Amino acid sequence: MSFDRHLSRRSFLSFSALTAASALTGCASSANTVTSGDTTIIYRSPMQLFQSTETSSVPSGAELAVMYGPVEDGGFLIPAVPYEQIDPRYYRQRVVDPTGQPPGTIVVDTPSRFLYLVQNGGMAMRYGVGIGREGFAWQGSGVIQWRQRWPRWKPPNEMVARQPELVKYSIENGGMEPGLKNPLGARALYIFSNGEDTLYRLHGNPDWRSIGKAVSSGCVRLLNQDIIDLYDRVPTKAPIVVWQ
C-alpha cells in the first residue's frame, strides 16, 4: 500500500467518523494545581480521578479493517492488528470532548487508559493506550518538543542499571536501531517540561496486547497505526497534560 493511499483511507475514515459520532457525556473533576514556570502539576485524590460516562460510535468492521490493517511505512511493513481481540472502547474514534481543554491539547487520562487530542467544535480524537507501571508514571503538563519517525530507542541510564542486558542499547552505545521490534515503534513524541526532557514519550508499540494495561516503564504507548495517525495530527510544541 502506498503512503498516499494510506492517507486517503485515513481521510475517508475521519470523514466517516464525523458523520457517525454520537452524543457523549463526561467531565473532568476539579484538581489542585501547583504552578512553577511553565509547568502545572496536577494532583488528584482517588475520588477526583477523571471519570466519564461517555458513549460513542464504534467504527464499523469495514472501517476497523482499514484502520488497523497492514501499513507500509518508512520501508517497514507494519502488520495488521487483531482488533477483534482488543476491547472496542480502545479503538480510535472521534468523541465529544470530555476534557475541557483548548483545541490542540493532548490529554492522557491515565486511569481510563485513554489519550485525547482535543479538536474544534467540542470534539476530540480518542485513542486507547498502555501506560506506565505503578511507580514509573509521570504526571503534569508540558509540550511536545520533538517528533520523530521510526526513532532509535535509547533507554535511560537508570533503566540500564536495573536491566544490565540493555547496555547494548544504552545512550553511550547509540541505542536500538529503528524497526518493528523497537519498543518506540513507528513514531515517538517527546515531552518536555520547563525546557527539560521528562524522558516521557508518546510512542508506537509492537505489542497490541498492552493497550489498556499498565505495563510500560513510564511512557504512553499506542498501537503503531494509532501513533501514525496521532503524529500526522499533532504539531511540534503542542501542549500536553497527563492526568493520574
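Each peptide among 91-97, 158-164 gets the average number of other Cβ atoms lying within 10 Å of its residues, and from highest to lowest they stand as 91-97, 158-164. Among the trypsin sites (Lys or Arg not before Pro) within the stretch 183-244, which fall in a DSSP loop and have no more than 16 other Cβ atoms within 10 Å of their own Cβ? When the trypsin sites (Lys or Arg not before Pro) of the stretch 183-244 are filtered for loop state and at most 16 Cβ neighbours within 10 Å, K213, K237 remain.
For K213, a cut-off of 22 angstrom between C-alpha atoms picks up these lysines, skipping any fewer than 8 places away in its own chain: K181. Rolling a 1.4 angstrom probe over the protein heavy atoms with all chains in place gives the stretch 187-244 an accessible area of 32 Å² per residue. Fully extending the segment from E172 to K213 would add 11.7 nm, taking 0.36 nm per residue of separation and subtracting the current Cα-Cα distance.
Across the stretch 180-188, coupling constants 3J(HN,Hα) worked out from phi with the 6.51/-1.76/1.60 Karplus curve, θ = phi - 60°, read 5, 8, 5, x, 8, x, 7, 8, 9 Hz, and Gly and Pro carry x. Counting alpha carbon pairs within less than 8 Å and at least 6 residues apart, what relative contact order, in whole percent, applies to the stretch 63-203? It comes to 16 percent, rounded to a whole number. Placing dummy labels 7 Å off each Cα toward the beta-carbon, the span from E84 to R162 is 3.7 nm.
So the label point goes 7 Å from the Cα of K237 along Cα→C-beta, right? Which residues of the stretch 142-159 then have their backbone N under 13 Å from it? Flagged as within label range: 143-146.
The values are calculated or read from the model by the stated rules, or taken from the named source; none is laboratory data. Given the structure is predicted, the values throughout are model-derived calculations rather than measurements. Counting neighbours? That spans all protein chains shown, and the Cβs are built from the backbone with ideal geometry, glycine included. Note: accessible area is taken over every heavy atom of the protein model, side chains too, but ligands, DNA and RNA are not part of it. Shrake-Rupley method; radii C 1.70, N 1.55, O 1.52, S 1.80 Å.
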